[in-house]
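**Student:** Sharing a structure, written as structure tokens. Questions coming.
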Amino acid sequence: MKNTFPNHFLWGGAIAAHQAEGAWNVDGKGISVADVITAGSHQKNREITEGIISGKYYPNHEGIDLYHKYKEDISFFKEMGFNCLRTSIAWARIFPNGDEESPNEKGLLFYDNLFDELIANGITPIITLSHFEMPYHLVTEYGGWRNKKVIDFFVRYAETVLNRYKSKVKYWMTFNEINNIYGTENEFFSFVTGGLKYSEDENKKEVMFQSAMNQLVASARTVSIAKKINPEFEMGCMLAYVPVYPYSSKPDDVLLAQQEMQSRHFFLDVHCHGNIPNYIELSWERENITVDVSDEELRDLKNGTVDYIAISYYMSNTVTRETLNSETTSYQTSSVVVDNPHLLANEWGWQIDPVGLRYSLNELYNRYRKPIMIVENGLGAEDTVIPNEKIIDDYRIEYLANHITELKKAILIDGVDVLGYTTWGPIDIVSAGTGEMKKRYGFIYVDRDDQGNGSLSRSKKKSFDWYSNVIKTNGKDL
Ligand code: BG6
């Protein structure tokens, strides 16, 4: 059997502007939603403040200062053999408040320089238009994505950057982890994905669905505009793909798992098929939820379907209707989620499941028959630093090797069409969920701690050489 990945497979890493760039108020950048979230931890939620409050610590303000250090970082990526890098454009660098008529030239220039540097080093940029960093002004003035005006603001921003970088960037995706808006009880995800802060007296689910539909319409319009700007563009959507397993073989558990999956597939059904699935329309009817989607918007959804599906994959979830007495160690995304007794978890409770990646790729490919890109996968772990010695991160190597092995099976045995694989955080960056630095994913260590101390110097971990060799052998040596 063939033992390497397809020719031209995209190998690289993925970061997001707000977690890496820093320079939060430099060269005309506006405040983004990420700029008003303090540091937290596994035990303590990040706090979303009303504007920026002096004396509080906001780790995204400085990130890892990639804004000034990108040349050094790109030279590391080149040394590892990356042929692609996924990152995002910070919307608030281009339209500082989000509702201006014309863009901020200095912001545009930064991404010109960044993309030029990548291309000069043989690295294809893969760009997310919105990765948890909408302008904060759109939250305070318009209520975030619940407001249809935000569709027009986003499309103006998207059209601006698609035009500007039309000869530099081919692969785009619209909204990062668009489905993370779904859980209305999760304040962090509601805020970073939708700019949403719910009041107690509103129907949260209705607001969530309205915001989600507004984003899906904005995404579809962006895809249609993109194709006019450059028919060669590859336009994708992006989902947090956490497959859901039944805890037992009881039919009720199996059905529950399938229903839980609908909260993910809803977004993909719209992105890929261009219409709202029956199970969602029926749930709106049943639950008296009114969502305003005009005929024109429905037409736009139909015309703006995506070319490929991008996913993040970190873990699986397991659900049951039964009440279990076991102590929960897993990451709770819903009240029916329980520990899978067959899996171990990382220190943040994310249950590690390489086979789940193969399972997910098959599910997605059978359902949509579109090429897939894995644009996030990795292990958040605390590294032990011994002065003047290389960090030995065998746990990270093991996690990635096991996942890439399953990815290889999905491609070579199951025939899934996978375009590329970018590990999350090839260089240590600020954790989105907790704001910590100690939740590290990188092959490159960054000297910075959870309080913002450290020289920001970069150094290679053991996994650096390992991943370089994976790329060099096109996935043969793992
Ligand atoms: C995804 C996000 O949710 O997971 C990233 O797209 C994020 O922005 C990544 O960093 C890992 O999560 P965390 O909380 O460990 O940073």
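**Student:** How would you order 310-317, 66-73, 245-252 from highest to lowest mean count of nearby Cβ atoms within 10 Å?
**Tutor:** 310-317, 66-73, 245-252
**Student:** Okay, next question. Per-residue counts of other Cβ atoms within 10 Å, averaged by peptide: what ranking do you get for 35-47, 345-357, 85-97, 184-196, highest first?
**Tutor:** 85-97, 184-196, 345-357, 35-47
**Student:** Here's something else I'd like to know. Which entries of LYS44/LYS439; LYS78/LYS460; LYS170/LYS476; LYS69/LYS106; LYS170/LYS370 show an alpha-carbon separation above 23 angstrom in the structure shown?
**Tutor:** The pairs that break the limit, which is 23 Å between Cα atoms, are LYS170/LYS476.
**Student:** Here is a further query. Using the alpha-carbon centroid of each, what span in Å lies between the range 73-95 and the range 30-60?
**Tutor:** Cα centres, the range 73-95 to the range 30-60: 24 Å.
**Student:** Compare the peptides 413-425, 161-173, 125-137 by average per-residue count of other Cβ atoms within 10 angstrom and give them in order, highest first.
**Tutor:** 125-137, 413-425, 161-173
**Student:** Would you grab the residues whose amide H sits under 5 Å from the one on VAL338? Only those 5+ places off in sequence or on another chain, please, with H modelled 1.01 Å from N.
**Tutor:** When sequence neighbours closer than 5 places are left aside, the close amide H contacts are THR318, VAL319, THR320.
**Student:** Name the residue farthest towards the positive end of the dipole of the range 1-127 from the options GLN19, SER41, ILE31, assuming +1 on Cβ of Lys and Arg, -1 on Cβ of Asp and Glu, about the Cα centre.
**Tutor:** SER41
**Student:** Next question, about the same structure. Positive end of the dipole of the range 167-220, charges at C-beta (+1 Lys, Arg; -1 Asp, Glu), about the Cα centre: which of MET173, GLN215, THR193 has its Cα farthest in that direction?
**Tutor:** Toward the positive end, the furthest listed residue is MET173.
**Student:** When Lys and Arg each count +1 and Asp and Glu each count -1, what net charge do the other residues less than 14 Å away from VAL416, Cβ to Cβ, add up to?
**Tutor:** Net of charged neighbours comes to +2.
**Student:** Let me ask something else about it. Can you tell me the alpha carbon radius of gyration of the range 172-310 divided by the globular rule-of-thumb value 2.2 N^0.38 Å?
**Tutor:** 1.10
**Student:** Something else about it: Can you tell me the dipole magnitude for the range 264-378 around its Cα centre, using point charges on the Cβ only (Lys, Arg +1; Asp, Glu -1), in Debye to the nearest 20?
**Tutor:** Here the range 264-378 has a charge dipole of around 460 debye.
**Student:** Nothing charged except the Cβ atoms of Lys and Arg (+1) and of Asp and Glu (-1): what's the magnitude of the dipole of the chain about its Cα centre? Round to the nearest 20 debye.
**Tutor:** I would put it at about 1380 debye.
**Student:** Only helical DSSP H runs with n ≥ 4 go in: add -39500 (n - 2.57) per run for the chain, normalise by residue count and round the 222 nm mean residue ellipticity to 500 deg cm²/dmol.
**Tutor:** -12000 deg cm²/dmol
**Student:** Also, quick follow-up: Cα centroid distance between the range 205-228 and the range 105-135, in Å?
**Tutor:** Between the Cα centre of the range 205-228 and that of the range 105-135, the gap is 22 Å.
**Student:** Then there's this: Net charge within 13 Å of LEU66 by Cβ-Cβ distance, Lys/Arg positive one each and Asp/Glu negative one each, not counting LEU66 itself?
**Tutor:** Local charge sum for LEU66: -2.
**Student:** List the aspartates and glutamates whose Cα sits under 17 Å from the Cα of LYS56, skipping any in the same chain fewer than 8 residues away.
**Tutor:** Cα-Cα hits under 17 Å: ASP35, GLU47, GLU436, ASP449, ASP450.
**Student:** Where does the charge balance sit around LYS56 when Lys and Arg score +1, Asp and Glu -1, over other residues with C-beta under 12 Å from its C-beta?
**Tutor:** Charge balance in the 12 Å sphere: -2.
**Student:** What percentages, rounded to whole numbers, describe P(r) for the chain computed over all alpha carbon pairs with 20 Å bin width beginning at zero?
**Tutor:** For the chain, the pair-distance distribution reads 25, 62, 14, 0.
**Student:** Between the range 348-398 and the range 458-477, what's the alpha-carbon centroid distance in Å?
**Tutor:** 15 Å
**Student:** Another question, then. Defining a contact as two alpha carbons under 8 Å apart and six or more residues distant in sequence, what relative contact order in percent does the chain show?
**Tutor:** The value is 18 percent.
**Student:** What is the dipole size for the range 422-478, taken about its Cα centre, with +1 at each Lys and Arg Cβ and -1 at each Asp and Glu Cβ, in debye to the nearest 20?
**Tutor:** It comes to approximately 200 debye.
Where a number appears in this text, it was derived from the coordinates with a stated rule and is not lab data. Note that the structure is predicted; figures quoted are calculated from it, not measured. Virtual Cβ from ideal backbone geometry, glycine too; neighbours counted across all protein chains shown.
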